[in-house]
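To start, the structure itself, in structure tokens.
The values are calculated or read from the model by the stated rules, or taken from the named source; none is laboratory data. Only a predicted model underlies this, so the values are computations on that prediction, with no experimental measurement involved. Cβ placement follows ideal geometry from the backbone for every residue including glycine, while neighbour counts extend to all protein chains displayed. These area figures cover heavy atoms from the full protein model, side chains too; ligands, DNA and RNA do not enter into them. Shrake-Rupley method; radii C 1.70, N 1.55, O 1.52, S 1.80 Å.
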Amino acid sequence: MVMLETLTTGDQEIRLAANNAEIEAAQALRYRVFFQEMGARPTPEVAAAGRDFDRFDPFCDHLVVIDHTKGDGPEAVVGTYRLLRRSQARKAGRFYTADEYDISPLESLPGEIMELGRSCVDAAYRTKATMQLLWRGIAAYVFHYDITMMFGCASLQGTDPSKLALPLSYLYQHHLAPESMRPVALKDRYTAMDLLPPDRIHPARGLASVPPLVKGYLRLGGFVGDGAVVDHDFNTVDVCVMVKTDLISDKYFKHYDRKSRPAGNLERNPG
């Protein structure tokens with residue numbers, strides 16, 4: 001069982017889900033945010049369970065933020081991220097992102113790669129402190145497994161790309177990944193991102209139009225793939241975002257050293 005440094009901020013702690021009850025609590029949080037708050041369309045099975053789940057969940061590690069003022073069990077889960085490494089994706093058959101993008105340029109990279117997904121935080125906890133705690137948890141995981149590349153589908157609210165022309169065009173024109181490592185949306189799902197001419201995009205306004213989570217990836221030196229994907233089930237337009245961990249700023253990872261031997265109790269989900 002993997003043991004990593006204990007990570008806390010005030011009454012909040014971040015670690016990997018310790019049991020199925022905590023994974024189900026993370027799925028219930030995802031359901032509240034994605035389906036009840038953001039208007040995603042659940043399958044009958046998901047609606048009946050009141051939890052967001054799919055076939056990838058059993059193969060993933062589930063990062064959870066625990067608020068100890070709400071207890072020490074599943075009821076205290078207030079934030080989550082789903083993590084899928086290369087070896088886990090092989091067992092699952094593929095990465096989730098491969099349903100929307102040709103990620104072969106990423107899969108051909110040497111070293112460990114990791115898909116980030118299903119990120120959400122309870123509405124009452126969407127604070128700088130909670131988001132920094134999430135990134136500290138990702139940092140610990142990245143350094144433990146010596147991950148060189150993180151990637152995943154990040155979402156913009158709504159399903160009409162024309163209404164998202166500014167953020168999509170800004171991302172394409174200012175943060176497009178180098179061709180050698182650039183995922184491309186699958187042909188039957190490809191939606192052009194370059195919707196506005198460069199002279200109509202002021203960089204500051206373009207950046208301001210990008211969702212906070214995507215903005216966070218950009219601040220870590222992130223890139224985007226070519227093409228957006230409309231996901232009607234989740235009521236979003238998705239972009240593929242990737243971050244080389246050697247480009248990540250000290251702002252988030254200054255407390256970590258790849259040569260150190262961390263200790264503590266951020267535990268990997270058994271099985």
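Summary of computed values
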{"read-out": "Count of the range 189-200 residues which are under 22 Å from Met242 (Cβ atoms) and assigned to a loop (DSSP other than H, G, I, E, B)", "value": "6"}
{"read-out": "Answer residue from the range 92-116, given it is more than 18 Å from Phe53 (Cβ to Cβ), of a type outside the set (A, V, I, L, M) and not in a helix (DSSP H, G or I) and is most open to solvent (accessible area, probe 1.4 Å) among those", "value": "Pro110"}
{"read-out": "The range 180-206: number of residues that are loosely packed, with under 15 Cβ neighbours inside 10 Å and either among the acidic types (Asp, Glu) or farther than 21 Å from His232 by Cβ (or both)", "value": "10"}
{"read-out": "Of residues in the range 43-69 being aliphatic (A, V, I, L, M) and part of a helix (DSSP H, G or I), the one surrounded by the most Cβ atoms within 10 Å (Cβ to Cβ)", "value": "Val46"}
{"read-out": "Hits in the range 70-91 - residues which are out of contact with any His (no Cβ under 9 Å at 6 or more places or on another chain) and part of a strand (DSSP E or B)", "value": "Val77, Val78, Gly79, Leu84, Arg85"}
{"read-out": "Glu267, sole failed condition from (1) open to solvent by 60 Å² or more (accessible area, probe 1.4 Å); (2) farther than 28 Å from Ser104 by Cβ; (3) modelled with pLDDT under 90", "value": "(1)"}
{"read-out": "Pairs with Cβ under 8 Å, 6+ apart, first in the range 100-127 and over 25 Å from Thr9 (Cα atoms) and free of Cβ contacts under 8 Å to residues at least 40 places away in the same chain, second in a loop (DSSP other than H, G, I, E, B) and of a type in the set (Asp, Glu)", "value": "Gly111/Asp146; Glu112/Asp146"}
{"read-out": "Tally, over the range 132-184, of residues that are of a type outside the set (D, E, K, R), in a helix (DSSP H, G or I) and farther than 21 Å from Val78 by Cα", "value": "20"}
{"read-out": "Only one of Ala40, Ala26 that is part of a helix (DSSP H, G or I), in contact (Cβ under 8 Å) with a residue 40 or more places away in the chain and open to solvent by less than 50 Å² (accessible area, probe 1.4 Å)", "value": "Ala26"}
{"read-out": "Some residue of the range 207-223 being farther than 15 Å from Pro161 by Cα, surrounded by fewer than 20 Cβ atoms within 10 Å (Cβ to Cβ) and modelled with pLDDT of 95 or more", "value": "yes"}
{"read-out": "Residue within the range 65-73 that is among the charged types (D, E, K, R) and under 16 Å from the mean Cα position of the chain (by Cα) present", "value": "no"}
{"read-out": "Residue ID - modelled with the lowest pLDDT, chosen from residues in the range 117-159 that are more than 28 Å from Pro58 (Cβ to Cβ) and open to solvent by less than 60 Å² (accessible area, probe 1.4 Å)", "value": "Ala129"}
